[in-house]
1. Can you tell me which of 133, 72 is in contact (Cβ under 8 Å) with a residue 24 or more places away in the chain and either closer than 18 Å to residue 58 by Cβ or under 16 Å from the mean Cα position of the chain (by Cα) (or both)?
2. Tell me which residues, restricted to region 94-108, are touching a Cys at 6+ places or on another chain (Cβ under 6 Å) and either in a loop (DSSP other than H, G, I, E, B) or at positive phi (or both).
3. Testing residue 157 on (1) in contact with an Asp or Glu (Cβ under 9 Å, 6 or more places away or on another chain); (2) within 22 Å of residue 88 (Cα to Cα), one condition comes back false. Which one is that?
4. Testing residue 102 on (1) under 27 Å from residue 58 (Cα atoms); (2) at pLDDT below 95; (3) in contact with a Leu (Cβ under 8 Å, 6 or more places away or on another chain), one condition comes back false. Which one is that?
Amino acid sequence: MPASSRWAISPKAKLGAPVQTARCRLIRSSQLAGRAAKAVDGWRTSGHPRDIGRARKRVEALVPSEEAVSIRRRLAEANPAAYLPDLAMSLWAYGWVCVNVKANFVEALEATTEAITIYGPLAEQLPAVFAERLFAAYRTLADVLDGLGRTDEAAELRRQLDEATGGGTDPG
């Protein structure tokens, strides 16, 4: 399937606020994802690239995100109406952490794609609530594709996002 159609952004999707704002809100909304973000920050500033502590920080960053997905998946299975948005947030956060620690890109692709699948209909129903989250998930997907070496697909997705938002991160 060509990159342009595989990751095509729905013309109905009304994409919202800047990516950084979406990332900050989503990370803060989950205590587990917040712990993961702290571990990522620690990993980024922990000295020499070959330092054994860096490898430990990578694992520390991924574990809380994986736990959050597992917990939210069980909750969403029991009550989708209440917990599906939370599952999408945890899936996106896991993908975001994977990108930032440069690990588990295949799993990040699966998680981020699932988050987009969940956020799509939610953003169509309640764009004020979910559009910026969908946008953040798409941006993370582009980063994941880059991490997998699929740079042409990543560039095409970013082009589509820019087009959907009028060339910026916020269509206004």
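1. Every option except 133 fails the conditions.
2. Across region 94-108, the qualifying residue is only 104.
3. (1)
4. With respect to (1) under 27 Å from residue 58 (Cα atoms); (2) at pLDDT below 95; (3) in contact with a Leu (Cβ under 8 Å, 6 or more places away or on another chain), residue 102 is out only on (3).
The values are calculated or read from the model by the stated rules, or taken from the named source; none is laboratory data. Quantities reported herein were computed from a predicted structural model and do not represent experimental measurements. Note that we place each Cβ from the backbone using ideal geometry, even for glycine, and neighbour counts take in every protein chain shown.
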